[in-house]
1. List every residue whose amide H lies under 5 Å from the amide H of GLN89, counting only residues 5 or more places away in sequence or on a different chain, with H placed 1.01 Å from N in the peptide plane.
2. With the crude spin-label approximation of a point 7 Å out along Cα→Cβ, what separation in nm comes out for ASN202 versus LYS147?
3. With θ taken as phi - 60° and the coefficients 6.51, -1.76 and 1.60, list the Karplus ³J(HN,Hα) couplings across region 303-317 in order, rounded to whole Hz; mark glycine and proline as x.
4. Going by amide H atoms built from the backbone, whose H comes under 5 Å of the H on LEU259, apart from near neighbours?
5. Using only the Cα atoms, what convex hull volume per residue in Å³ does region 309-365 have?
6. Could you give P(r) for region 259-303, binned at 5 Å from zero, as whole percent values over all Cα-Cα pairs?
7. Could you tell me the relative contact order of the chain? Use alpha-carbon pairs under 8 Å, at least six residues apart, and round to a whole percent.
8. Once you have the Cα-Cα distance between LEU288 and ILE383, take 0.36 nm times their residue separation minus that, and quote the gain in nm to one decimal.
Amino acid sequence: MKKPIKKSWMIASALTIGMAVLTPLQAGATSVEPTNGVTVQMEQQITGTIKSVHGDGINLKGRDGKNYFISFFKFSEEQLEQMKLVAGQEITVEGGVVENYADFYTFEVYKKDLPKNVPNEELTKLEKMFSEVKKLEKEASNAITNKKMDEAEKKYEEMNKIYEEMHKITKPYYLANWQPQPFEEFLKDYGFSENNIVIAENDKKELKAIYEEWVKLEKDGQEEKAKEKMKGFNKILQPYLDELYPTPTFEEYIGRLDLLEIPTETIAKLKIIYADVRKAEREENYDLFSEIWLEFHDILGQFIIPQTFEEYMSSFEFKVNKADSKQLKQLYEEILKLDGKEDSAKIEEKWEAFYTILEPYFEANKANLISASKITINGQDFISQ
């Protein structure tokens, strides 16, 4: 059973959004237009309970039934550590409303992570380039909304070219400030010692020599040679990484899945394909890996026990009314009866109808996006930097 990929973003949104109480600091808050073209509103104040914590923000849940995602891009790592955010805490947030997730990442946020020695004339160039990237980003998003995928791809290609030019400007300043880790500290970060994995002395000696050569090449700005050097480093380290993160055997892999009984001849075929998948992965032949991994799951998918309609709907945080639930269940059960290969067009059509019914629920429960500038937890204030 396959769901249309284009709708997966809505599922992710439904699973991650939370709710909060929104109280404007001043009535009739107006919008302002910063120089980078991102529209935000005047400061708002939100009080709510943390529903979930993410690397770049939190979801809040409040008494009014509204949902909010709070971005912490403006805060430092040290501040976030001091906050000690956990689900269930009540907090107060002040910040501006933004239109979409991409608007959280402003030039001011980007600039915060730049080396301090970047001169103003370079910052001016970078800001202009950053604004162009944000413009292209919105155009690509609009193209995807209008199902113009080729146009969107071209926009992303243009964005990548600009990012490459920005990297060329900033890299010398990063290198001037770069203090590489000592080899022993670099190796320790892999976690071999904690897992009682001992690296042979001859391998360690060779790894250290390669690491020091890699550092020198990076400092000299020889990126391609540095990449090749690191490939050699990883090749020596791979057996130890395999021990640290062992690849599941075929039996272990399928044993984790809820499957129908698979015929003996199909099991034998799947086992051969699985071995080929792992071989392609070891040889870093990623095109072949993708091709045969897809083949593996096309076969295996026929034997995976699908979720019931009720199990599928339980992943959403909202409830649908009885009339819609009846229609959704009928569509879902019709999808399950169709053949994944022969009826792919019909399946996509029915998923489209399924999510058309759900669209108003996603809209009603979507997160309001807030770029935080002040957080208050247990009476302690944290101001963005």
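Just so you know, all these numbers are worked out from the coordinates, no wet-lab data involved. Please read all numbers here as calculations on a predicted model, not as lab measurements. Here the Cβ is made from the backbone with ideal geometry for all residues, glycine too, and neighbour counts use every protein chain on show.
1. ILE50
2. 6.2
3. Result, ordered by residue: 10, 6, 6, x, 5, 6, 4, 5, 5, 4, 6, 5, 6, 8, 7 Hz.
4. Amide H neighbours of LEU259, under 5 Å, 5+ apart: ILE305.
5. On the way: hull volume 4.4 nm³, N = 57.
Taking only Cα atoms, region 309-365 has a hull volume of 77 Å³ per residue.
6. 5, 24, 29, 20, 13, 7, 2
7. 25
8. 29.2 nm
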